[in-house]
Amino acid sequence: MMNKYLFLLFCSMPLFLLSQDSISGKLDALMQAYQNVDKFNGSILVAKQGRVLLDKGYGYRNVKEHVKNETASMYRIYSITKTFTSTVILMLAEQGKLSLKDKLSKYYPGFPKGDSITIEHLLTHTSGIYDYTHGNDMKDQSEPTMIAFLKTKPLDFSPGSNWSYSNSGYWLLGFIIQKITGMTYEDAVTKMIFRPLKMNHSGFDFKDLKSKDKTTPYEFLGKDSSATAVIYDPPGPYAAGAIYSTTNDMYEYHKAHQHYVLVSEPLMKKAYTSFMSDYGYGWVVNQFDGHDLVSHSGGAAGYKSNFARIIKDDIVIIVLCNTESNNPQMITNNILNVLYNKQYNIPVEIAVRQEILQQYAGYYEVDEHFNIHITTEMGKLIGQAKGEGPIVLMAQEDNYFYAEEAGAYLRFNKTKGDQFDEMVILQGDRTKIAHRYVPAWGMLGSATANGWEGAVPDISLTEDCLHKDYWKAENISLKEGEIKFRFNNNWNTNYGDNDNDGNADLSGSNIKVQAGTYDIILDLSDRNRAKYTISKKGLQQ
């Protein structure tokens, strides 16, 4: 007679397999739906307790050549690189080659406040070191140049007293790794992580990578149009974000951490503990529905990514996209809803003609603290609330749209005449009414006669009558100093320039100008790439 426990085991296996297949089917259907509404283009791997539930590519690796994404597709993972940098630092600490309490001055004598800054501060973004991405005039990003530049920048705060995301801190960690190992940062990561884990499809110099699996980066990729993105020259974002990889290589990386192959469990548990502002040693630390979640995302030119792990349940979600218009973190949350049998949203939309969408474009205001700019781009309606990034709205009806990232529905109504002048925002059990208004852009700063906080309104910019969202002012006299652009004479929405490259960055750094008379243009016609020009007309007399 068959042992009753074996019998129960055999009887339960089909149900278990059916359950896994059912979850895999739900995940595939969900990702196919995201692809159908242009919300996902890339590769994804989802695994639980050692079983891969989904491992698939969606959309195009190269849309021009009609080559589709696969599991082997290669993507830049940008800031997920920080988890690798952290891992190497922790490995060196366990080998006794450094201490997390080491002072920065040990490696860079004479660095300002270097006796107060520790490696732990660099790992946790609590050093106060200026983030070079907020603006710099470096001609190259070599170690001597980067160190010399950072020495000129005062700390944002006393080390350990506050938190501010600093890519510069991770560059310094990369330099320290080089000093200790005697290798380049890239060689150290390769020797200590890539090779032992057989991550043979991961590396650093993405621009010069020769592989049929290399993806093309896109600023935007839709059914009918696309725009390619730049590829950074080496070293790119270096130890803060230079790695490229695949979903399967990242899965090997997850398994190594899950079983504490690289760093011991006690030290990794410390790495997964929030030091400040939900950030540990190179990992974002938070929760999903009561489950401890560690993760890191990445995003810059052409790519977005997310790497999320619930260690207790051995769950990993790896989302790699070769377009900037995707939202991997939102996708991750929806996948977690599926895995934990919670309600989840399957994105759907209908087609709406461009001439109809264009009627909704404009500025809408709930109150002085909350306004939304609606634009049309590549056949889509785009919403951008003050201080936030753009969200692609999915049409449910001709005048009714869903903003998944915000969990909100937007309905456009006519209340006066033929113009759509009202937007009803439905978010959960809350309803807000926003009304269309005429926008006003201006500029202010120490270079203007009234300074930063003048008693009169900002210097006004006038919208060009032929070019929408093209704002200009002519023959404006400025002193030597700094300026910024802002909306409706307040700081809720403002533009500066982080890189001194003519691109207007939301809440960016002040723009330096010399004394003179200028023609000034703020070009917001492409809200994803706002630009400005300040053209000097002659020397100040």
Spatially proximal lysines relative to residue 101 (Cα-Cα < 27 Å; intrachain offsets below 8 disregarded): 82, 113, 151, 153, 179, 191, 269, 270
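Taking only C-alpha pairs under 8 Å that are 6+ residues apart, what is the relative contact order of the chain in percent?
Here the relative contact order equals 12 percent.
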Cα-only Rg/Rh for region 363-502 with Kirkwood Rh rounds to 1.02
Please compare each pair in 304/512; 484/536; 207/386 to a cut-off of 23 Å on the Cα-Cα distance and tell me which ones are over it. 304/512; 207/386
Indicate the helices, whole DSSP H runs only, in the chain that combine a mean Kyte-Doolittle hydropathy of -0.5 or more with a Cα extent along their long axis of 27 angstrom or more. 4-36
Sorted by Cβ density within 10 Å, fewest first, the residues 218, 132: 132, 218
A student asked for the Cα radius of gyration and Dmax of region 354-430 in angstrom ought to give 11.7, 32
Output row, site residue 269, 7 Å Cα→C-beta label point, backbone N cut-off 20 Å, window region 98-134, residues 100
Using only the Cα atoms, what convex hull volume per residue in Å³ does region 29-163 have? 205
What per residue convex hull volume, in Å³, comes out for the chain when only alpha-carbon positions are used? 193
Given charges of +1 on the Cβ of Lys and Arg and -1 on the Cβ of Asp and Glu, with all other atoms neutral, how large is the dipole of region 441-538 about its Cα centre, in debye to the nearest 20? 100
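Got a sec? How would 163, 171, 491, 441 order by Cβ neighbour count within 10 Å, fewest to most?
Fewest to most other Cβ atoms nearby, the residues stand as 491, 163, 441, 171.
Computed from the coordinates by the stated procedures, all read-outs in this text should not be read as laboratory data. This structure is a prediction, so every number in the text was calculated from the model and none was measured. Virtual Cβ from ideal backbone geometry, glycine too; neighbours counted across all protein chains shown.
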